[in-house]
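Here the structure comes first, spelled out in structure tokens, and everything after it is commentary.
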């Protein structure tokens, strides 16, 4: 019997769309699963302009995900990805996983720009969210787009689980 390769779950979407909370909750639903939080890798080069850091952040996401996959861990990755970034990521990881799934948190623009919980959005973040929506980051032609604006965190994760090949 052939051993099943680890699973990759990519959670994309704009700033404040619920990627990280969804990913953290999702990780808890699987055994032996690592969370690759793209923003944490971006923070290695905070001195660098965001646009200039995207390429190295993607490279770091791929490298860290590969390390976990090679050791047999499932991986949940969260970061804003456009189609070309997703294709690069999935191509780089496809030899290590037979199961790559992508979900895009896609609440309406006003919901994404809304202050939620303890997080206070800066004007720069509000403007960046508007840019993401203008450039279709919320509907990037890959994965399954989920309007999670009226779903609880638990409902969002349960919906994602219904799309996966096999649930934990």
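The values are calculated or read from the model by the stated rules, or taken from the named source; none is laboratory data. This one's a predicted model, so the numbers in the text were calculated from it and none came from an experiment. Here Cβ is always computed from backbone atoms with ideal geometry, including for glycine, and neighbour counts include all displayed protein chains.
Being at pLDDT below 95, out of contact with any helix residue (DSSP H, G or I) (no Cβ under 6 Å at 6 or more places or on another chain), part of a helix (DSSP H, G or I) and crowded, with 18+ Cβ neighbours inside 10 Å is true of residue 20.
Residues of the range 83-124 that are over 14 Å from the mean Cα position of the chain (by Cα), in contact (Cβ under 8 Å) with a residue 12 or more places away in the chain and loosely packed, with under 14 Cβ neighbours inside 10 Å: 98, 108, 116, 119.
Flag set for residue 36, criterion: more than 17 Å from residue 145 (Cβ to Cβ), touching a residue at least 12 places away in the same chain (Cβ under 8 Å) and buried (at least 18 other Cβ atoms within 10 Å of the Cβ). Would you point out the residue of the range 1-12, among those that are buried (at least 22 other Cβ atoms within 10 Å of the Cβ) and at pLDDT below 95, that is farthest from the chain's Cα centre (by Cα)? This residue is 6. Taking helices (runs of 4 or more DSSP H) as the structural unit, those lying wholly within the range 56-149 and holding at least 1 residues that are touching a helix residue (DSSP H, G or I) at 6+ places or on another chain (Cβ under 7 Å) and under 21 Å from residue 9 (Cα atoms) correspond to 83-93. All conditions but one from (1) touching a strand residue (DSSP E or B) at 6+ places or on another chain (Cβ under 8 Å); (2) surrounded by 20 or more Cβ atoms within 10 Å (Cβ to Cβ) apply to residue 57; the one that does not is (1).
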